[in-house]
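Engineer: Pasting in a structure now, in structure tokens, and then I'll have a few things to ask.
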Amino acid sequence: ALATVDLRAAPCAAEAVGGEDMYLAVTTDADEPLSVLAQPILVPAVGRHRIVLGGVLFVITFAGIVSEVIHRCYVTFIGAFFALALVAWTHEVPEIPTVISMIDAGTLMLLFAMMVNVHLLSLTGFFQWFAVRMVELARGNVMVLFFLLTNMTGVLSAFLDNVTCVLLMGPVTIKLCEQMGMNPVPFYLTETLAATIGGTATLIGDPPNVVIGNKLNLRFNDFIIFNGPLVVVIMPLATVIQYYRFKDSFPKENVLAKIDLADLKADNKIHDERSLFFLSFIFLGIFLGLFLFELHGHEPAWFCLLGMIGASLTTSRHDIRHAIAAVEWDTLLFFAGLFVFVESLAELGLIRFIGGHMSDFIKTVEIENRLTAAMVLFLWVSAIGSAFLESLPYTTTITFIILNLVNEDDLGIPIMPLAWALSVGACVGGIGSIMGSSANLVSIGVSERYSPGNPIKGKHFFQYGFPLLLVSISIATLYQWVLFVQIAPYK
């Protein structure tokens with residue numbers, strides 16, 4: 001447990017100001033020896049209000065990110081600067097190496113490497129070729145084609161970047177629907193929702209999972225074990241619900257005659273078979289490295305980075321610009337600024353303050369129902385919050401709070417189930433509104449470009465995605481209660 005004592009308010013404050021010695025006496029009624037760490041910090045008078053000041057800065061910064069008045073990178077940089085200024089004002093001036101150490105390099109390296117790897121894979125024409133193969137398998141049956149395209153997009157998004165999957169599956173899906181004489185919105189919208197849900201299943205499937213996994217030392221296999229079975233249920237169910245909501249807009253007859261399959265194959269073939277061959281083995285090596293964490297114990301980012309180097313050399317030995325062309329530098333800068341911002345708030349004591357109050361609230365529940373109540377709280381607040389707010393700053397903040405709760409010895413419940421509640425809530429919550437996921441914004445842009453007459457609109461995500469969110473999180477609540485309360489792998 002952590003405690004802060006303001007010596008100015010202590011009975012001996014006058015003597016301390018006068019220069020007399022002070023002694024800190026700690027007593028305990030425990031039978032076993034206890035270790036105590038005391039750290040004296042000299043702060044000015046404003047230091048008493050550092051938590052309030054940090055809270056005000058957090059609210060202002062979060063509002064700036066959500067409002068998008070200026071780019072979110074600028075908001076996080078400004079927020080991080082003022083947070084560091086508060087640390088300097090109330091404690092001591094942080095050195096540059098200290099600020100750099102606040103950035104989780106493992107998270108940034110993993111994201112950077114996977115952006116490059118997926119981009120190089122996309123250059124081979126794999127995603128478009130994959131979509132045409134689904135058309136062949138469906139044999140003109142619209143229902144089969146719908147389930148194949150949407151669910152397989154979700155599966156791809158579990159192991160690749162969901163934004164890239166949505167970006168590259170969009171044009172060929174829209175063209176296919178136009179040839180069949182159908183509105184592309186039901187297909188492409190459901191692909192986008194399935195991509196967001198599918199990303200929940202793995203460490204690399206969605207950015208919130210990357211943050212949670214790296215900060216809480218969760219393995220690639222852990223996500224598959226704990227989140228995978230849930231995704232296997234809710235993703236197909238979501239596509240079934242979507243199909244029946246759009247059923248009247250689908251033709252009843254076989255549409256194979258309307259599709260120029262030869263033309264589709266010609267326009268969406270593999271451009272570079274040699275590179276695809278080598279990239280297949282490189283991705284296999286990356287996933288083997290992630291799966292075999294128990295044997296080697298190395299961070300996932302290393303395997304993604306080594307794979308990126310091999311993939312870049314395979315596709316072009318004399319040019320690196322082609323490899324980094326699709327790196328989303330604004331996303332990486334946003335992450336870096338966000339880490340500095342939240343770490344600075346933790347230095348001010350805000351994270352510990354919030355965690356303490358959450359701990360106190362959880363403790364009000366009877367011990368036999370405490371874990372259930374805590375999981376439901378984290379799951380539903382994360383899902384609704386991520387639907388309408390920016391999920392990354394929310395996830396980063398709550399991850400730090402979970403880290404703080406680990407030190408609450410008297411909480412009486414295992415903490416890791418709360419991390420899985422956060423993971424599912426933050427990822428699946430992205431389907432609830434246009435703001436919930438970057439993939440949602442990408443799908444709108446793609447559909448406006450390739451289908452200006454029938455584009456996906458922002459209201460579609462609330463109209464169709466939010467009901468799916470409620471169904472999915474309800475199922476997730478039951479699933480996690482059975483898994484973590486009844487089976488209880490963390491007890």
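The values are calculated or read from the model by the stated rules, or taken from the named source; none is laboratory data. Just so it is clear, the structure is predicted and the values come from calculations on it, not from any experiment. Glycine also receives a Cβ, built like all others from the backbone with ideal geometry; neighbour counts cover every protein chain displayed. Each accessible area value is taken on the protein alone, full model and side chains, heavy atoms only, with ligands, DNA and RNA left out. Shrake-Rupley method; radii C 1.70, N 1.55, O 1.52, S 1.80 Å.
Engineer: Mind checking which lysines have their C-alpha under 19 Å from LYS491, skipping anything on the same chain fewer than 8 residues away?
Structural biologist: LYS363
Engineer: Rounded to the nearest whole Å², what accessible area per residue is found for the chain with the 1.4 Å probe?
Structural biologist: Values: 23060 Å² over 491 residues.
Ligands and nucleic acids excluded, the result is 47 Å² per residue.
Engineer: Measure nothing fancy, just the Cα-based angle from helix 126-138's long axis to the longest principal axis of the chain, in degrees from 0 to 90, nearest 10.
Structural biologist: That works out to roughly 60 degrees.
Engineer: Quick check on the stretch 279-340: take the gyration tensor over C-alpha atoms, sort the square-rooted eigenvalues as a ≥ b ≥ c, and tell me if it's rounded (a/c under 1.5), prolate or oblate.
Structural biologist: Numbers: a/c = 2.92, a/b = 1.08, b/c = 2.70.
Judged from the Cα gyration tensor, the stretch 279-340 comes out oblate (a/c at least 1.5, b/c at or above a/b).
Engineer: I'd like the accessible area for VAL46, computed on protein heavy atoms only with a 1.4 Å probe and all protein chains in place. Round to 10 Å², please.
Structural biologist: 30 Å²
Engineer: Treat every Asp and Glu Cβ in the stretch 342-408 as -1 and every Lys and Arg Cβ as +1, leave all other atoms uncharged, and give the resulting dipole magnitude about the Cα centre to the nearest 20 debye. List each step's numbers first, then the result.
Structural biologist: Working: 3 positive and 7 negative charges, 13 e Å.
Here the size comes out at about 60 debye.
Engineer: How large is ³J(HN,Hα), in whole Hz, for each residue of the stretch 76-83 in order, when computed from phi with the Karplus curve 6.51 cos²θ - 1.76 cosθ + 1.60 and θ = phi - 60°, using x for Gly and Pro?
Structural biologist: Result, ordered by residue: 5, 5, 5, x, 5, 4, 5, 5 Hz.
Engineer: Next question, about the same structure. Percent relative contact order of the stretch 425-491, based on C-alpha pairs within less than 8 angstrom and at least six residues apart? Intermediate values should be presented prior to the final figure.
Structural biologist: Values: 49 pairs, mean separation 22.4, N = 67.
Relative contact order here is 33 percent.
Engineer: Let me ask something additional. Take VAL93 and VAL26, extend 7 Å from each Cα along the Cα→Cβ direction, and tell me the distance between the two endpoints in nm.
Structural biologist: 3.2 nm
Engineer: Please calculate the 1.4 Å probe accessible area of LYS269, with all protein chains present, and give it to the nearest 10 Å².
Structural biologist: Counting only protein heavy atoms, the figure is 120 Å².
Engineer: I would also like to ask the following. Give the residue from SER67, MET134, VAL471 lying farthest towards the positive end of the charge dipole for the chain; charges sit on Cβ (+1 for Lys and Arg, -1 for Asp and Glu) and the dipole is referred to the Cα centre.
Structural biologist: MET134
Engineer: Separate question: Using a/c under 1.5 as the rounded threshold, could you call the stretch 326-434 rounded, prolate or oblate? The axes a ≥ b ≥ c are square roots of the C-alpha gyration tensor eigenvalues, and prolate needs a/b larger than b/c, oblate otherwise. Can you show the working numbers first?
Structural biologist: Values: a/c = 2.61, a/b = 1.44, b/c = 1.80.
Because a/c hits 1.5 or more and a/b fails to exceed b/c, the stretch 326-434 counts as oblate.
Engineer: Continuing with this model, one more query. Quote the accessible area belonging to HIS296 in square angstrom, nearest 10, computed with a 1.4 Å probe and with ligands, DNA and RNA left uncounted.
Structural biologist: 60 Å²
Engineer: Give the shape of the stretch 43-116 as rounded, prolate or oblate, defined through the alpha-carbon gyration tensor: a ≥ b ≥ c are the square roots of its eigenvalues, a/c under 1.5 means rounded, and otherwise the shape is prolate if a/b is larger than b/c and oblate if not. Kindly include the intermediate steps, with their values, before the conclusion.
Structural biologist: Working: a/c = 3.05, a/b = 1.41, b/c = 2.16.
Oblate, because a/c is 1.5 or more while a/b does not exceed b/c.
Engineer: Enter the angle in degrees (range 0 to 90, nearest 10) between the Cα long axis of helix 350-363 and the first principal axis of the Cα atoms of the chain, meaning the one along which they spread out most.
Structural biologist: Once rounded, the angle reads 90 degrees.
Engineer: Heavy atoms only, probe 1.4 Å: what % of the accessible area of the chain goes to carbon and sulfur, would you let me know? If you can, show how the numbers build up before the last one.
Structural biologist: Values: 14920 of 23060 Å².
After summing per-atom areas, the C and S share lands at 65 percent.
Engineer: Using only Cα atoms, find the angle between the long axis of helix 466-480 and the longest principal axis of the chain, and express it within 0 to 90 degrees, rounded to the nearest 10.
Structural biologist: Its long axis makes an angle of about 60 degrees.
Engineer: What order do VAL93, VAL132 take when sorted by accessible area (1.4 Å probe), most exposed first? Mind showing how you got there, number by number?
Structural biologist: On the way: VAL93 105, VAL132 0 Å².
These residues rank, largest area first, as VAL93, VAL132.
Engineer: Then there is this: In debye to the nearest 20, how big a dipole does the chain give about its Cα centre with +1 on each Lys and Arg Cβ and -1 on each Asp and Glu Cβ?
Structural biologist: 1820 debye
Engineer: Which percent of Cα-Cα pairs in the chain sits in each 20 Å bin, short to long?
Structural biologist: Taking every Cα pair in the chain, the percentages come to 21, 51, 22, 5, 0.
Engineer: Continuing with the same structure: Relative contact order for the chain: what is it in percent, counting Cα pairs under 8 Å that are at least 6 residues apart? Walk me through the intermediate numbers first.
Structural biologist: Values: 649 pairs, mean separation 102.5, N = 491.
For the chain, the relative contact order is 21 percent.
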